[in-house]
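The values are calculated or read from the model by the stated rules, or taken from the named source; none is laboratory data. It should be emphasised that the depicted structure is a prediction, and the values quoted were computed from it without experimental measurement. Backbone-built Cβ (ideal geometry, glycine too); neighbour counts: all protein chains shown.
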């Protein structure tokens, strides 16, 4: 899938960010709300023009506005913001006169340097925490079934919490560090299980259950609350 421009469209007086993507596998146009953008994503088949896609998005205006109104409010990474990290709420404290890094101290994330770099430093810290937490857990889960990941990557994915490649590479969304520990445990087990079963058969889910006790609750939590994780930052 290739990424095109992000357009600003107006529906009933509201300006909405619309990311346009082309998919060689798409057979028809599709429109979905993108909580990471606070807007929408328009998926176009190869031979559909951008103007046709924009007309399609406009025709679904009422539906789109309703879905956008259901999104959780955004929480920017700024001084005083409270963010969940592995089940605990921590507050972001800007300390401009200190070292230009982010560090966890006494229940707060202390972020030094200029205000214009604060959000990026918070995001970088969360990504490091995700890598530090997920990497050993993924190796542990894979070891349960006698497998070894080819590699483990932490990414900023819009529509996936994790994935497993045909070569055994595991990828995880850094925003999982914002979810409760049982939810993160489930996602890591889910992707590690694909090292044995590259499908979603009954055998696959049996492997998942072998690795974690949180499959059912973790899956339901993400379905209900996943959009909230994309509302941070």
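Quick notes
- Some residue of region 218-229 being touching a helix residue (DSSP H, G or I) at 6+ places or on another chain (Cβ under 7 Å), in a helix (DSSP H, G or I) and over 19 Å from residue 88 (Cα atoms): yes
- Of all residues in region 197-221 being buried (at least 16 other Cβ atoms within 10 Å of the Cβ) and touching a residue at least 40 places away in the same chain (Cβ under 8 Å), the one that is nearest to the chain's Cα centre (by Cα): 221
- Output for region 193-206, where each listed residue is under 18 Å from residue 150 (Cβ atoms) and assigned to a helix (DSSP H, G or I): 193
- Test: residue in region 136-151 that is in the same structural domain as residue 221 (by TED's automatic domain parsing) and farther than 26 Å from residue 214 by Cα: no
- Identity of the residue in region 44-60, outside any helix (DSSP H, G or I) and over 18 Å from residue 12 (Cα atoms), that ends up nearest to the chain's Cα centre (by Cα): 44
- Yes/no for residue 113 being crowded, with 16+ Cβ neighbours inside 10 Å, at pLDDT below 90 and either more than 30 Å from residue 185 (Cα to Cα) or touching a helix residue (DSSP H, G or I) at 6+ places or on another chain (Cβ under 9 Å) (or both): no
- Enumeration of residues in region 181-196 that are under 27 Å from residue 123 (Cβ atoms) and either outside the structural domain of residue 141 (by TED's automatic domain parsing) or surrounded by 17 or more Cβ atoms within 10 Å (Cβ to Cβ) (or both): 183, 184, 185, 186, 187, 188, 189, 190, 191, 192
- Test: residue in region 100-110 that is in a strand (DSSP E or B) and closer than 19 Å to residue 231 by Cα: yes
- Subset of region 13-31 (residues that are surrounded by 14 or more Cβ atoms within 10 Å (Cβ to Cβ) and in a strand (DSSP E or B)): 16, 17, 18, 19, 20, 21, 22, 30, 31
- Selected residue (criterion: surrounded by the fewest Cβ atoms within 10 Å (Cβ to Cβ)) from residues of region 150-179 that are assigned to a loop (DSSP other than H, G, I, E, B), touching a helix residue (DSSP H, G or I) at 6+ places or on another chain (Cβ under 7 Å) and modelled with pLDDT of 95 or more: 161
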